[in-house]
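Step one of this worksheet: look at the structure below.
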Amino acid sequence: MGDEVGGATDRRSQRARSDEAVRVLLVDDEPDIADVTSLHLEKRRDRFDVTVVESGAEALETVAEDDMDCVVSDYEMPGMDGLALLRSVQDADPTIPFILYTGRGSEEIASDAISAGVTDYLQKRTTSEQYDVLANRIDNAVARRRSEQAREETELRYRTLVEASPHAILVHYGEDVVYANQRTVELLGVDAPTDIYRADALIYVHPDDRERVGARMAEAVSGQGDTGWLSWRLVRRDGEQRRVESRGTPVVYDGNPAAQVVIRDVTDQYRRERRLEALNEATRDLLTADSRTAVARTAVGVVSDVLDEPLAAVFDYVDGELRTLVATEAATDRVAISREATQSVRLGPETVEMAAFREGNPRVVDDYATRDDSPTDAFETVFLFPLGDHGLLSVASVEPDAFDGSDRDLLEIVGQSVVAAFDRLTEA
């Protein structure tokens, strides 16, 4: 069954891209009349390929076996009249144009045919002009069907590509969203695309950015071309802000001028860039600090503020021990150590911190809370950066697997800057 449907779809696709053969099924129980009609139709249109059958049953067999473009049927036929055949053909394929071509004309038949969904209704005449009219009706009906099929296939390809996109894509008329892919649903934090449709797209834009975004949306809908990338803040349904970039392109959607907008989430990239900028500024402060305490305070400050890791401490190496020089308030609170008692914290040779210091290489301890050589179980993950002969930078988290590659790179930059600052003070 799947192969048959796929084959039929392929044939329709090929035909929709071509103006060549038009396969017409002519149904009439009077063979002589049918043969004359067929001859006139093929004479008027070279691309017409007319198949003649004499009954509704034969017509249904032909529709099932062959890919017909249009059915032209008489009304009065034994066994199955034209309206009954129409309903059966619609059950088989509701897209096939069906023209009722009958010698019996009445308002009642015409009304019934229209109610049943006939494509066109035409009475047989004795003049040759009737064949011109019939040929035109067939042409128009097939052209409409092929156009609709082409539109549906284009829309299907579009939706397939859009749904596969890693970026959010939506279409809007003015401020009303009329289409959104699944990635848009995820980015906005809503349950389904229908939650977005007909909603004001600007409700997801930060209030301070709405004027800029609204102006750009108007440009796209007005057909001024690709608008280029615009950076702004997106506000999810749950209130979380994301930094995004978007660009709009004029399109026609369901016959109306609209704009397609591609939105890419650049929050992580934006945060990395801001982190690097702040880190560069902090590095300058480290290199101008006038004491070891000032260096340590700047280091834990940048870790806490720039890297969003408030659990940090710098240890001095003194007399074979690591002693707290400066620690963030969050770190001391986590291990229930008062600010006054921080200076008395000493880490001996049996601790993982001292092992990392002696080893001299940065390391992430993922099992910190459960280790026998960790001095506290208050943290799940700890990043340890030996500061040469000076001591150790420790950054902790209550989350497992907290430090990814980007975090470690930035923390190592902080650690290297601290080492350089300590070396400068030692040489002074």
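Numbers below:
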read-out	value
Where the stretch 216-282 is the region considered: accessible area per residue in Å², 1.4 Å probe	54
With every protein chain in place, the stretch 365-424: carbon and sulfur % of accessible area (1.4 Å)	41
Estimated dipole of the stretch 83-186 in Debye, rounded to 20 [Cβ of Lys and Arg +1, of Asp and Glu -1, Cα centre]	320
Listed residue (S128, G391, A201) projecting farthest to the positive dipole end of the chain, Cβ model	G391
Among L41, V52, I96 the positive-end extreme of the charge dipole of the stretch 38-135 (Cβ point charges)	L41
Between helix 292-305 and the chain: long-axis angle, C-alpha atoms, 0 to 90°, nearest 10	20
Student exercise, the stretch 295-428 dipole from Lys, Arg, Asp, Glu Cβ charges, in Debye to nearest 20	440
Prolate/oblate/rounded call for the stretch 238-335, Cα gyration tensor, a/c under 1.5 rounded	prolate
Cβ crowding within 10 Å averaged over residues, with 23-30, 75-82 ranked highest first	23-30, 75-82
Amide H contacts under 5 Å for D49, placed H, 5+ residues apart	V22, R23, V24
Coil-residue GluC sites (Glu not before Pro) of the stretch 232-320, DSSP, other Cβ within 10 Å capped at 14	E240
Sequence-separation-based contact order of the stretch 359-419, relative, with Cα cut under 8 Å and 6+ spacing, percent	30
Cα-centred dipole magnitude for the chain, charges only on beta-carbon of K, R (+1) and D, E (-1), debye, nearest 20	1580
Leading residue at positive end of dipole, the chain (Cβ point charges), from F422, L156, A369	F422
1.4 Å probe accessible area per residue over the stretch 381-428, in Å²	40
Between 0 and 90°, nearest 10: helix 56-65 axis offset from the chain longest Cα axis	30
Alpha carbon centroid spacing (whole Å) that separates the stretch 231-280 from the stretch 183-227	10
Accessible area in square angstrom per residue, the stretch 98-144, 1.4 angstrom probe	52
Heavy-atom accessible area order for V295, V306, largest first, 1.4 Å probe	V306, V295
Fraction of accessible area attributable to carbon and sulfur, the stretch 33-192 (%, probe 1.4 Å)	48
Mean separation of Cα contacts under 8 Å (6+ apart) over length of the chain, as relative contact order %	8
Cα gyration tensor, the stretch 96-162 - rounded (a/c under 1.5), prolate or oblate	oblate
Calculated [θ] (222 nm, deg cm²/dmol) that DSSP helices of n ≥ 4 give over the chain, each run adding -39,500 (n - 2.57)	-14000 deg cm²/dmol
Cβ-defined net charge surrounding H167, 12 Å radius [Lys, Arg +1; Asp, Glu -1]	-1
C-alpha long axis of helix 129-163 to longest principal axis of the chain, angle in °	10
Computed over the stretch 51-196: relative contact order in percent, which uses C-alpha pairs under 8 Å that are six or more apart	15
For the stretch 365-428: rounded, prolate or oblate by the Cα gyration tensor [a/c cutoff 1.5]	oblate
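The values are calculated or read from the model by the stated rules, or taken from the named source; none is laboratory data. What you see is a predicted model, and the numbers here were worked out from it, not measured in a lab. Neighbour counts run over all protein chains shown; Cβ positions are idealised from the backbone, glycine included. Ligands, DNA and RNA are stripped out before the accessible areas are found, and what is left, the full protein with its side chains, is counted by its heavy atoms. Shrake-Rupley method; radii C 1.70, N 1.55, O 1.52, S 1.80 Å.
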